[in-house]
Amino acid sequence: MKLVSSFIRKKLCIAQSYGVISLVAVSALVPLAAFAQSRVQLVDRVVAVVNDEVITRFELNNQKRAILSQLQRQGVKPPAESELDSQVLERFINERVQLQHAKENGIRADDETVTAALQNIAQQNKMSMQQFSEALKKDGLSVEQFRDELKNEIILNRVRDREVDSRVIVTDGEIDAYLATSKLQGALQAEYQLAHILVLVPEQATPDQVETRKKRAEEALKQVKAGTAFSQVAALFSDTNDAAQGGALGWRKADRLPTIYAEAAGKLPVGGTSEVLRSANGFHILRVLDKKTGESEKSVVEQNKVRHILVRVNELVGENEARTKIERLKERIASGAKFEDIAKLNSEDTSAARGGELGWVSPGDTVAEFEAATKAAKPNSVVGPVRTQFGFHLIEVTERRNQDVTAEKSRQAARSALRERKSDEAYQAWLREVRDRATIELKLADS
């Protein structure tokens, strides 16, 4: 079914509003072909207990079917059944402890949010909800089942945002240091297509456990060096959700990579494989599938110096009432009242105290409707009412210029890169902590 790859291509758009939809959730949208001969007597056995919740053999086998179908489509030889059981169970446990943390801390996804996300996915795939439902049904999945998967993904994203991303701070000093390093400046433009293998190490691991995990990573590297396809080794050894995709990370800018990967990728040729790398999370092996570099380009954009007046639409002020008020304000300005005076007394935006001044605005700084009106406005003329998600605006462009924003964009890119890198590293550390605090009883061997 082609929905899977389509969802993956669209997931960044959806993530902006509803959170990242991981391959774990999407992978359920595959034909239930492989692994159909599962032993019936094992279907309802408990394979693990996470705090007070169980994970059943039925759940495990459902996820295995999805993963095996992915591997089959990619021509990757699947790992042994026992190995795949362990990998899938590990991912289930990680998801379950996060969902339990969310429940304990009141982090939820209401039905309206899930419905909106579901409709967004259908729209991105150019389907009506009826067509989308039928497509899911062909793959043996109901809309209700997919809603449950989607709801969990939204919750997991909110957990990460609250517990990790919202606490990541990037200082101006860090940005200055980042940009001052010529090697890292080059990394702003470098891009790599990567695959990886990660052998996780528990946070409170004993020396013997660390050594065992290290030997596992070394065995994986040995097989890669012996000529076994990297994707096959990743599917067998890696403890990450992308193992079923052969460890593929896709194209990533170097400044969006964890430090350990960025440094290794910069030293490897195309087709090169790193040695075993050690981080706080475990042992890594990195493969550079392709790379591309580019020179930093000068960026000149049209900027407008803007001020505005906002009348909000909300539960107390309706659409017609807000429009009538903003039109009367426009008439007063046309009759000679000063824009800034009207803004100070009537605007419902934080800029009111400054006479509505927003300063110099670049493309992308404001919502689409506001930006379109600003771009079309003649300098020193008042346009509006302009309707946006916030309410009705009157807009005045007082100056217009073409501005070199290369340095500003570099700082923005550096801030974004540092934030993303810190976030990834902090998330892995946080997940290990949550996992280590949980009471986990493995019963896989009994099933």
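The values are calculated or read from the model by the stated rules, or taken from the named source; none is laboratory data. The structure displayed is predicted, hence computed values, not measured ones. Backbone-built Cβ (ideal geometry, glycine too); neighbour counts: all protein chains shown.
Which numbered condition in (1) of a type in the set (A, V, I, L, M, F, W, C); (2) in contact with a Ser or Thr (Cβ under 7 Å, 6 or more places away or on another chain); (3) over 30 Å from R65 (Cβ atoms) is the only one that V224 fails? Result: V224 fails condition (3) only. Looking at G364, G282, G356, just one residue is closer than 30 Å to I197 by Cβ and among the small types (G, A, S), and that residue is G282. Would it be correct to say that A243 is assigned to a helix (DSSP H, G or I), under 24 Å from the mean Cα position of the chain (by Cα) and within 27 Å of E433 (Cβ to Cβ)? It is true that A243 is assigned to a helix (DSSP H, G or I), under 24 Å from the mean Cα position of the chain (by Cα) and within 27 Å of E433 (Cβ to Cβ). Only one entry of A190, A220 meets the criterion of being assigned by TED's automatic domain parsing to the domain that holds G271, surrounded by 16 or more Cβ atoms within 10 Å (Cβ to Cβ) and modelled with pLDDT under 90, and that entry is A190.
If I filter segment 331-342 for residues that are under 12 Å from H393 (Cα atoms), of a type in the set (D, E, K, R) and under 42 Å from the mean Cα position of the chain (by Cα), do I get at least one hit? Break it down into steps so the answer makes sense when it comes.
Within segment 331-342, the first condition is being under 12 Å from H393 (Cα atoms), and the residues that meet it are none.
Among the residues of segment 331-342, not one is under 12 Å from H393 (Cα atoms), of a type in the set (D, E, K, R) and under 42 Å from the mean Cα position of the chain (by Cα), which makes the answer no.
Hey, among Q98, Q119, which residue is surrounded by 20 or more Cβ atoms within 10 Å (Cβ to Cβ), in a helix (DSSP H, G or I) and in the same structural domain as R65 (by TED's automatic domain parsing)? Can you show your working first?
Details: Q119 fails: surrounded by 20 or more Cβ atoms within 10 Å (Cβ to Cβ).
Of the residues listed, the single one that is surrounded by 20 or more Cβ atoms within 10 Å (Cβ to Cβ), in a helix (DSSP H, G or I) and in the same structural domain as R65 (by TED's automatic domain parsing) is Q98.
Do we find that F370 is out of contact with any Pro (no Cβ under 7 Å at 6 or more places or on another chain), farther than 21 Å from E408 by Cβ and of a type in the set (F, W, Y) in this structure? Full working, then the answer.
Numbers: out of contact with any Pro (no Cβ under 7 Å at 6 or more places or on another chain): yes; farther than 21 Å from E408 by Cβ: no; of a type in the set (F, W, Y): yes.
No: the conditions fail for F370.
Test A262 against the stated conditions and say whether it is among the hydrophobic types (A, V, I, L, M, F, W, C), out of contact with any Leu (no Cβ under 7 Å at 6 or more places or on another chain) and in a helix (DSSP H, G or I). Spelling it out, A262 is indeed among the hydrophobic types (A, V, I, L, M, F, W, C), out of contact with any Leu (no Cβ under 7 Å at 6 or more places or on another chain) and in a helix (DSSP H, G or I).
Any residue in segment 426-435 that is without any contact (Cβ under 8 Å) to a residue 12 or more places away in the chain and either more than 32 Å from the chain's Cα centre (by Cα) or assigned to a helix (DSSP H, G or I) (or both)?
No, segment 426-435 contains no residue that is without any contact (Cβ under 8 Å) to a residue 12 or more places away in the chain and either more than 32 Å from the chain's Cα centre (by Cα) or assigned to a helix (DSSP H, G or I) (or both).
Just give me the residues in segment 202-230 being touching a residue at least 24 places away in the same chain (Cβ under 8 Å) and within 26 Å of L289 (Cα to Cα), in sequence order. Scanning segment 202-230 gives R213, K214, R216, A217, E218, A220, L221, V224, K225, A229, F230.
Under the condition of being within 19 Å of S351 (Cβ to Cβ) and small (G, A, S), the residues counted in segment 382-423 number 2.
Just to be sure I understand, how many residues within segment 250-265 are buried (at least 19 other Cβ atoms within 10 Å of the Cβ) and either of a type in the set (A, V, I, L, M) or over 21 Å from A280 (Cα atoms) (or both)? Final tally of qualifying residues: 5. In segment 123-148, what residues are in a helix (DSSP H, G or I) and either surrounded by 19 or more Cβ atoms within 10 Å (Cβ to Cβ) or touching a strand residue (DSSP E or B) at 6+ places or on another chain (Cβ under 6 Å) (or both)? Within segment 123-148, F132, L136, F146 qualify. The residues of segment 78-126 that are among the acidic types (D, E) and under 15 Å from R147 (Cβ atoms), listed by number, are D110, D111, E112. Taking each residue of segment 96-123 that is without any contact (Cβ under 8 Å) to a residue 60 or more places away in the chain and looking for partners that are surrounded by fewer than 15 Cβ atoms within 10 Å (Cβ to Cβ) with beta-carbon atoms closer than 6 Å, six or more apart or interchain, yields A122/M129. Out of all the residues in segment 279-286, is one or more surrounded by fewer than 17 Cβ atoms within 10 Å (Cβ to Cβ) and not small (G, A, S)? Within segment 279-286 (the criterion being surrounded by fewer than 17 Cβ atoms within 10 Å (Cβ to Cβ) and not small (G, A, S)), the answer is no, since none of the residues qualifies.
What are the residues in segment 227-239 that are buried (at least 21 other Cβ atoms within 10 Å of the Cβ) and outside any helix (DSSP H, G or I), if any?
Filtering segment 227-239 down to residues buried (at least 21 other Cβ atoms within 10 Å of the Cβ) leaves 230-231, 233-238.
The answer is S238, and nothing else.
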